[in-house]
Ligand code: AMP
């Protein structure tokens, strides 16, 4: 792939498939900005932004926030100068209405779909621990050195408020009903690269680079 080719990469997959982690690794590898819609929505709530009270109940229930809000955040993000050369977008579009919006503003050049069984997704999410600094751990597979404490910043580790069994079920159901329709449409357009997300982080990263024709240096 020519370096000058514009890359607008979208990463989709069920919750727990490692979208955020893989988006960050790709961002580092390609020198392109990565943004995550879930992260942007959480940040809007944390900083008590103008849509905070509208967003919060949806985040807690694990359902999609109204499309107009996520589309507005996307438009704002895509106006920033750092995305001029391309971007890696995690978790958007998750519904056909969102797909129509991003296709009209900045159509993806590649769609990476991380595949993971519901069973494994649930196991990963229920054991997930997050730190305020952004580090992510798993109680069984990637525990911190000291229980409950982040190795990086020393802060307290917590479960995400939407990593409850009920919210996880809700989020997976939305993925199967709404996001898979988006994937089918991108597949018909020849943009989709399916990746097995059950492996370790470096294995999945290498598979993504290979699928996109990008060699690891
Ligand atoms: P995530 O961090 O990707 O697991 O997303 C966390 C939550 O943010 C989801 O359960 C939704 O409530 C919300 N969210 C993330 N992406 C979107 C989106 N594209 N559209 C609407 N809501 C979203």
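Identify all residues within segment 120-134 that are assigned to a helix (DSSP H, G or I) and under 10 Å from residue 150 (Cβ atoms); write none if there are none.
None - no residue of segment 120-134 is assigned to a helix (DSSP H, G or I) and under 10 Å from residue 150 (Cβ atoms), so the list stays empty.
Quick check on residue 161: is it within 15 Å of the ligand (Cβ to nearest atom), part of a helix (DSSP H, G or I) and within 17 Å of the chain's Cα centre (by Cα)? Quick ask: steps written out before the conclusion?
Numbers: within 15 Å of the ligand (Cβ to nearest atom): yes; part of a helix (DSSP H, G or I): no; within 17 Å of the chain's Cα centre (by Cα): yes.
No, not satisfied.
Taking only segment 21-52 into account, find how many residues are crowded, with 19+ Cβ neighbours inside 10 Å, in contact (Cβ under 8 Å) with a residue 60 or more places away in the chain and either near the ligand (Cβ under 10 Å from one of its atoms) or under 21 Å from residue 162 (Cβ atoms) (or both).
Number of matching residues: 2.
Conditions: (1) buried (at least 19 other Cβ atoms within 10 Å of the Cβ); (2) modelled with pLDDT under 95. Residue 74 meets all but one. Number of the miss?
(2)
Would you call residue 94 at pLDDT 95 or above, under 13 Å from the mean Cα position of the chain (by Cα), within 11 Å of the ligand (Cβ to nearest atom) and under 27 Å from residue 121 (Cβ atoms)?
When the stated conditions are applied, residue 94 passes them.
So residue 190 ticks every box in (1) closer than 18 Å to residue 111 by Cβ; (2) assigned to a helix (DSSP H, G or I); (3) free of Cβ contacts under 8 Å to residues at least 60 places away in the same chain but one. Which box is left unticked?
Residue 190 satisfies all of (1) closer than 18 Å to residue 111 by Cβ; (2) assigned to a helix (DSSP H, G or I); (3) free of Cβ contacts under 8 Å to residues at least 60 places away in the same chain except (2).
Could you tell me how many of the residues in segment 25-63 are out of contact with any strand residue (DSSP E or B) (no Cβ under 6 Å at 6 or more places or on another chain) and assigned to a helix (DSSP H, G or I)?
Looking only at that region, the number is 24.
The values are calculated or read from the model by the stated rules, or taken from the named source; none is laboratory data. This structure is a prediction, so every number in the text was calculated from the model and none was measured. Reconstructed Cβ throughout: ideal geometry from the backbone, glycine too, with neighbour counts over all protein chains shown.
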